[in-house]
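Here the structure comes first, spelled out in C-alpha cells, and everything after it is commentary.
The values are calculated or read from the model by the stated rules, or taken from the named source; none is laboratory data. Everything numeric in this text was worked out from a predicted model, so none of it was measured. Cβ sites come from the backbone with ideal geometry, for glycine too, and all protein chains shown count toward neighbours. Note: accessible area is taken over every heavy atom of the protein model, side chains too, but ligands, DNA and RNA are not part of it. Shrake-Rupley method; radii C 1.70, N 1.55, O 1.52, S 1.80 Å.
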Amino acid sequence: MPHSPHSSAPHPQRERIAEALASYVRRGGALSVADGSGVIGELEQRIEEMLGLRDPLTFSSGTAGLHAAYLALDMPAGSEVIGPVTTFHASLSPAVHAGVNVVLADVEPDTGNLCPAALEAAITPLTRCVTVTHYLGHPAAMEEITRICRERGLHLIEDISHAYLSTLNGQRVGTFGDICVGSMQDKKAWPAGEGGLFSAARPQWRERALLAGHYRGRALSLKDPELAAFGETGLGLKMRMHPLAAVVGLANAEGLAERLAARRALLERLSRRLQGLAGVRPPVVRPGATMGGWFSFRPEIQPGELKPGVDAGTYLERLQNLGVPAHYPSIGSLAGMPLFTKPVPLRAVSGTWRPRLCGPFPGESAYNAGRISVSVTDRDTEETIDAYGDAFAAASQALARPVAT
C-alpha cells in the first residue's frame, strides 16, 4: 500500500503564509485598499511579471472577475456567450448578471476543452462572445478558436484558473484572447485564499472592469471621461480583493514556478507509469501543449480491456483498496445543472437568461467515460508516485482481460 505523504505536521508553505500575514498586520498594513496601492499594487505587478498579462486587476474572486469581464464588454441585453459544457459553472454563470445568455457547446473527447467545430456550429446572429477554459491545465485549441472569433467578430475571454503557466506552442495561456480571468481560490495553483485576476487587451475594457468592482479610489482617475464621471459610485458593486488575500497571493508567488514544475514532473512520471497498462490510459497532452501545474490528474479507465463484468467502478475500488487517493470527479456537466436547464428564480432576468444547450454532447460523453481523478499534492514525492504506479499496475494485472494466444 502506498505510504501517504499527508500528515498533521505543519506545511512549509502554510508556515510562510502565516509569517507573511503576521508581519503585514504587525507593521500596520492597510486592511482596506481602494486605490490599488500597497500590497494590492504589489500583487498586480507580480501577476503582470509572472503571467505576462497587461495591467492586471485583482478581484475578490475569479467569479467576480468574470462578472466584471461580461460587464466590461458591454454587450447588448440578450447577447449570447458560447462556452464549453464541461467546465466549472462560474466561467459562464456570471453572465446572468450582465443580461447575457449562455450557450453550451460540446468539448473535445481527449482534452475536455471547447471543440472548435462545436463552437462554430453554435454561433447565431446573437452571439457576441466566446469563453474558453483551459480545462484541468490543458490549453484549449486556441489557434482555431481565435481564428473563428476573429472571422466572426466575436470577443474572446480566457479562463486560466486551471492553467497557470500552461503554454501552447510557446505562448502563455491568457494572452490569446481579449480578456483573461483567473481564480486565486485556495485550491488553485496560485492561491490567495479567495481572489481573482483580470486583464484586458483594450484600456476601455479595463476601465469598465474597474467601474464594475472598484468604485471610488482608483475608479476616480479613469482616463475615459464618460466612464470617469461614474467613478464615485462605479456600477454599484464592490468586488475588490481584501489586502490580506493579496498578502497570501504574494507569499504563494514565491517559488510558484518551481512548485508547478515539481508537480508537473511528478504527474508526467505517473503518466509514464500508466503507459501500456491494460484497462487504463493516462491523460492526453497534445503536441505543443504544456500543462503548467496540471490542475487535476484524470486518467481514463477502459472497461473494454477488462475482464467480463469488471467496470470502471471495480477498477477504481481496487485502486482505493491499494491506497491510491482516487475518486470520481465531483463536478458534473453544466447540461445537468438547474441554472442552465430551468427558469432562473429572478424575474429581472427572465427575458435575457434562456440558456441554449447545443446537444447532444458526444465529446463530453466520450471524455467523461471511465474518467477518474487521482489526488496528487505538493506533499507527494517520487516514492509515493511510484507506489501509485505500482498500484495501477497491480490493478491492471488482476482485472485485465486475458490476452488471446
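Could you work out Rg/(2.2 N^0.38 Å) for the stretch 339-384, with Rg from alpha carbons only?
For the stretch 339-384, the normalised Cα radius of gyration comes out at 2.07.
Per 0.36 nm of contour for each residue apart, how much would the distance between R259 and R216 grow if the chain were fully extended, relative to their Cα-Cα spacing?
Additional length available on full extension: 11.8 nm.
In deg cm²/dmol and to the nearest 500, what is the mean residue ellipticity at 222 nm of the chain if only DSSP H runs of at least 4 residues count, each as -39500 (n - 2.57), divided by the residue total?
-10500 deg cm²/dmol
If you build a Gaussian network model of the chain, linking Cα atoms that sit under 10 Å apart, which residue out of E300, E80, E382 swings the most?
E382
Which residues in the stretch 137-154 have a backbone N closer than 18 Å to a point placed 7 Å from the Cα of S296 along the Cα-to-Cβ line?
137-140
Cross-link partners among lysines for K238, C-alpha distance below 19 Å, same-chain residues fewer than 8 apart left out?
K238 reaches no qualifying lysines.
Answer rounded, prolate or oblate for the stretch 10-70, using the Cα gyration tensor with square roots of eigenvalues a ≥ b ≥ c: rounded when a/c is under 1.5, else prolate when a/b is larger than b/c, else oblate.
In terms of gyration-tensor shape, prolate.
Go through 272-278, 169-175 and give me the packing order, highest mean Cβ count within 10 Å leading.
Highest to lowest by the protection proxy: 169-175, 272-278.
On alpha carbon coordinates alone, what is the Rg over Rh value for the stretch 80-143, Rh being the Kirkwood radius?
0.95
Here are labelled values, [x] 164, 52, 43; [y] 57, 49, 34; [z] 79, 55, 40, and one is the computed Cα extents along the principal axes in Å for what I pasted. Which one?
[z]
Q397 label point, 7 Å along Cα→Cβ, cut-off 20 Å on backbone N: hits in the stretch 252-270?
270
When only C-alpha pairs under 8 Å and at least 6 residues apart count, what is the relative contact order of the stretch 4-156, in percent?
16 percent
Sorted by average packing, counted as other Cβ atoms within 10 angstrom per residue and highest first, what order do 336-347, 281-292 take?
281-292, 336-347
In nanometres, what is the gap between the two model label sites at R347 and S330, each 7 Å from Cα along Cα-to-Cβ?
A separation of 3.7 nm, rounded to one decimal place.
Give me the 1.4 Å probe accessible area per residue for the stretch 144-203, excluding ligands and nucleic acids, in Å².
Per-residue accessible area for the stretch 144-203 comes out at 37 Å².
Aspartates and glutamates near K223 by alpha-carbon distance under 12 Å, same-chain residues fewer than 8 away left out - which ones?
Those aspartates and glutamates meeting the cut-off are E207.
Leaving out ligands, DNA and RNA, and with a 1.4 Å probe, what % of the accessible surface on the chain is carbon or sulfur?
Looking at the chain in its full context, I get 54 percent from C and S.
Would you pull out the residues with amide H under 5 Å of T127's amide H, same chain only if 5 or more places away, H placed 1.01 Å from N?
E80
So how do 308-317, 259-268, 133-142, 85-94 stack up, highest first, on mean other-Cβ count within 10 Å?
Numbers: 308-317: 15.0, 259-268: 17.9, 133-142: 26.7, 85-94: 23.0.
Highest to lowest by the protection proxy: 133-142, 85-94, 259-268, 308-317.
Where q = 0.13 Å⁻¹, what log10 of I(q)/I(0) comes from the Debye formula for the stretch 1-118, counting one point per Cα?
Results for the stretch 1-118 at q = 0.13 Å⁻¹ read -0.84.
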